[in-house]
Amino acid sequence: ALTAWLDAFNSGDRARVETYLKQYEPERKADEMMGFRAQTGGFVLISIESSEAARIVFRVKEKGSETTAVGKIDVKEGASPRITNFSLRAIPPGATVSDFKIDAAARARVIDGALAMLQEYYVFPDKAKSMEAAIRARQKSGAYDSVTDGDVFARMLTDNLREVSHDKHLRVNYSPAVLPAREQEGDPGSDPEYRKQMEAVNCGFEKVERLPSNIGYLKFDMFADPEVCGPTAVAAINFLGNVAAIIFDLRENGGGDPKMIALISSYLFEEPAHLNDLYNRKENTTTQYWTLPYVPGKKLAKKPVFVLTSKGTFSGAEEFSYNLKNLKRATLVGETTGGGAHPVSGHRIDDHFMIGVPFARAINPISRTNWEGTGVEPDVKTPAAEALSEALKLAEQKLHRH
């Protein structure tokens with residue numbers, strides 16, 4: 001399985017990637033693998049850390065940089081083995097990699113730490129109590145006693161917590177490398193590692209082009225911190241300053257920073273617009289998000305706007321869509337989105353485990369609610385793969401009417 005993945009991944013050949021996925025990881029998308037290949041330039045295998053019949057732990061190095069990563073593949077044995085778990089994580093410079101093995105003391109420490117963080121920060125205190133009761137009951141029944149793999153334990157806790165909360169933002173993570181002793185304080189913009197990551201992916205901006213009938217098209221897959229990525233966003237939108245209509249493609253956008261949502265939205269309004277509020281449970285404070293008083297370049301305030309959505313459109317990308325829909329500023333085309341409206345903060349539990357705790361909830365100033373658990377309904381429902389051609393058709397109709 002490892003050899004098949006390396007061969008397909010390093011080839012950069014879409015047909016070989018699709019053949020590999022069909023045999024080993026049918027749930028995974030070729031686009032995701034091809035995008036990651038473009039980002040890393042492929043991998044060189046450095047070492048096999050441990051090897052068993054159904055599991056292998058290995059180290060690789062990016063061909064395009066000095067970054068190394070630790071990976072783990074679990075397979076379901078059979079005539080044609082299927083990969084049941086594939087994780088690959090970059091190793092921070094100077095970090096050491098431990099084995100994935102955990103013991104009873106680690107399990108107890110992680111459960112105690114995770115539940116304490118939820119009690120302190122989780123957006124709904126009553127749900128935090130319900131989650132604690134459910135996890136403690138499982139712990140008492142011995143449900144976790146046989147789990148000796150850190151990755152498996154993190155996944156199991158995540159699933160059990162979500163069974164109660166139904167909160168897709170809530171996640172327990174395991175890192176084979178020792179986590180930094182302190183949580184990162186302040187803005188990601190001050191973190192050189194974050195800057196490097198954003199440069200490697202061009203801040204998530206994938207494509208900007210002018211299509212026939214002078215329709216602008218902008219595909220970006222995250223709302224990154226504007227302190228680092230503002231210039232990239234401004235350059236992309238300024239390129240489309242003279243279009244007759246604009247399509248934002250958020251079908252693969254997993255969300256991000258509300259400040260970037262405000263920056264991009266500011267190009268679409270002439271007058272100040274109240275976009276969204278975030279209520280922080282622990283602080284008992286509400287932060288308002290409005291369009292900015294000034295943005296560089298031309299605005300698109302009078303131009304028709306279309307937003308493409310899919311089941312994978314999540315979090316901040318849903319906020320952008322929901323805001324514009326409620327303000328009647330855009331037509332949403334595609335599928336109902338993923339349904340995650342709670343911003344997350346990361347908390348270190350111990351050397352290898354952390355938990356992402358949803359600590360606030362969105363309150364739209366018009367609907368007085370949000371899209372948590374329900375997703376954002378498009379105005380025009382169509383399979384995600386057909387959303388762009390549908391939006392182009394709608395844009396041309398609208399332009400010809402004017």
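Quick check: is even one residue across segment 101-114 under 25 Å from residue 196 (Cα atoms), basic (Lys, Arg) and touching a strand residue (DSSP E or B) at 6+ places or on another chain (Cβ under 8 Å)?
no
Working carefully through the options 306, 353, find the one that is of a type in the set (Phe, Trp, Tyr), closer than 26 Å to residue 232 by Cα and open to solvent by less than 40 Å² (accessible area, probe 1.4 Å). Steps first, answer last, please.
Values: 353 fails: closer than 26 Å to residue 232 by Cα.
Criteria check complete, one pass: 306.
Identify, from the list 249, 221, the residue that is open to solvent by 30 Å² or more (accessible area, probe 1.4 Å), within 15 Å of residue 307 (Cα to Cα) and in contact with a helix residue (DSSP H, G or I) (Cβ under 9 Å, 6 or more places away or on another chain).
221
Here are the criteria: (1) surrounded by fewer than 16 Cβ atoms within 10 Å (Cβ to Cβ); (2) over 23 Å from the mean Cα position of the chain (by Cα); (3) over 30 Å from residue 363 (Cα atoms). Tell me which single one residue 180 does not satisfy.
(2)
Of all the residues that make up segment 34-54, how many are more than 18 Å from residue 197 (Cα to Cα) and either open to solvent by less than 50 Å² (accessible area, probe 1.4 Å) or β-branched (Val, Ile, Thr) (or both)?
Summing the residues that are more than 18 Å from residue 197 (Cα to Cα) and either open to solvent by less than 50 Å² (accessible area, probe 1.4 Å) or β-branched (Val, Ile, Thr) (or both) in segment 34-54 gives 6.
Could you please let me know if residue 244 is in contact with a helix residue (DSSP H, G or I) (Cβ under 9 Å, 6 or more places away or on another chain), over 25 Å from residue 32 (Cα atoms) and modelled with pLDDT of 90 or more?
Working: in contact with a helix residue (DSSP H, G or I) (Cβ under 9 Å, 6 or more places away or on another chain): yes; over 25 Å from residue 32 (Cα atoms): yes; modelled with pLDDT of 90 or more: yes.
Criteria met by residue 244.
Confirm whether residue 9 is in a helix (DSSP H, G or I), closer than 26 Å to residue 197 by Cα and either at pLDDT 95 or above or open to solvent by less than 50 Å² (accessible area, probe 1.4 Å) (or both). Spell out the reasoning first.
On the way: in a helix (DSSP H, G or I): yes; closer than 26 Å to residue 197 by Cα: yes; either at pLDDT 95 or above or open to solvent by less than 50 Å² (accessible area, probe 1.4 Å) (or both): yes.
Yes: the conditions hold for residue 9.
Answer yes or no as to whether residue 86 is farther than 24 Å from residue 148 by Cα and not in a loop (DSSP other than H, G, I, E, B).
When the stated conditions are applied, residue 86 does not pass them.
Only residues in segment 342-354 that are within 29 Å of residue 318 (Cα to Cα) count as the first member; pair them with residues that are among the hydroxyl-bearing types (Ser, Thr, Tyr), Cβ under 6 angstrom, at least 6 apart or cross-chain, and list the lot.
The qualifying pairs are 353/174.
Step by step: first the residues of segment 56-83, then only those that are among the acidic types (Asp, Glu) and in a strand (DSSP E or B), then the one that is most open to solvent (accessible area, probe 1.4 Å). Which residue is that?
Out of the qualifying residues, it is 62.
Report, by residue number, each residue of segment 116-142 that is in a loop (DSSP other than H, G, I, E, B) and open to solvent by 40 Å² or more (accessible area, probe 1.4 Å).
The answer is 124, and nothing else.
Which of the residues that make up segment 164-173 are open to solvent by less than 10 Å² (accessible area, probe 1.4 Å) and in a strand (DSSP E or B)?
Answer for segment 164-173, where residues must be open to solvent by less than 10 Å² (accessible area, probe 1.4 Å) and in a strand (DSSP E or B): just 172.
Please tell me if residue 356 is at pLDDT 95 or above and under 25 Å from residue 151 (Cα atoms).
Taking the combined requirement at face value, the residue satisfies it.
Take the residues in segment 274-298 that are open to solvent by 60 Å² or more (accessible area, probe 1.4 Å) and either of a type in the set (Lys, Arg) or touching a strand residue (DSSP E or B) at 6+ places or on another chain (Cβ under 6 Å) (or both), then tell me which one is farthest from residue 257 (Cα to Cα).
My answer is 298.
Please find, within segment 143-163, the residue that is most open to solvent (accessible area, probe 1.4 Å) out of those that are closer than 21 Å to residue 98 by Cα and among the aliphatic types (A, V, I, L, M).
156
Which of the strands (runs of 3 or more DSSP E) found entirely inside segment 262-323 contain at least 2 residues meeting this: within 21 Å of the chain's Cα centre (by Cα) and in contact (Cβ under 8 Å) with a residue 12 or more places away in the chain? So that I can check it myself, show each step before the final result.
Details: elements: 274-280, 285-290, 305-309.
In segment 262-323, 274-280, 305-309 are the strands (runs of 3 or more DSSP E) which contain 2 or more residues that are within 21 Å of the chain's Cα centre (by Cα) and in contact (Cβ under 8 Å) with a residue 12 or more places away in the chain.
The values are calculated or read from the model by the stated rules, or taken from the named source; none is laboratory data. All of these numbers come straight from a predicted model, not from anything done at the bench. Heads up, the Cβs are rebuilt from the backbone with ideal geometry, glycines too, and the neighbour counts pull from every protein chain shown. Each accessible area value is taken on the protein alone, full model and side chains, heavy atoms only, with ligands, DNA and RNA left out. Shrake-Rupley method; radii C 1.70, N 1.55, O 1.52, S 1.80 Å.
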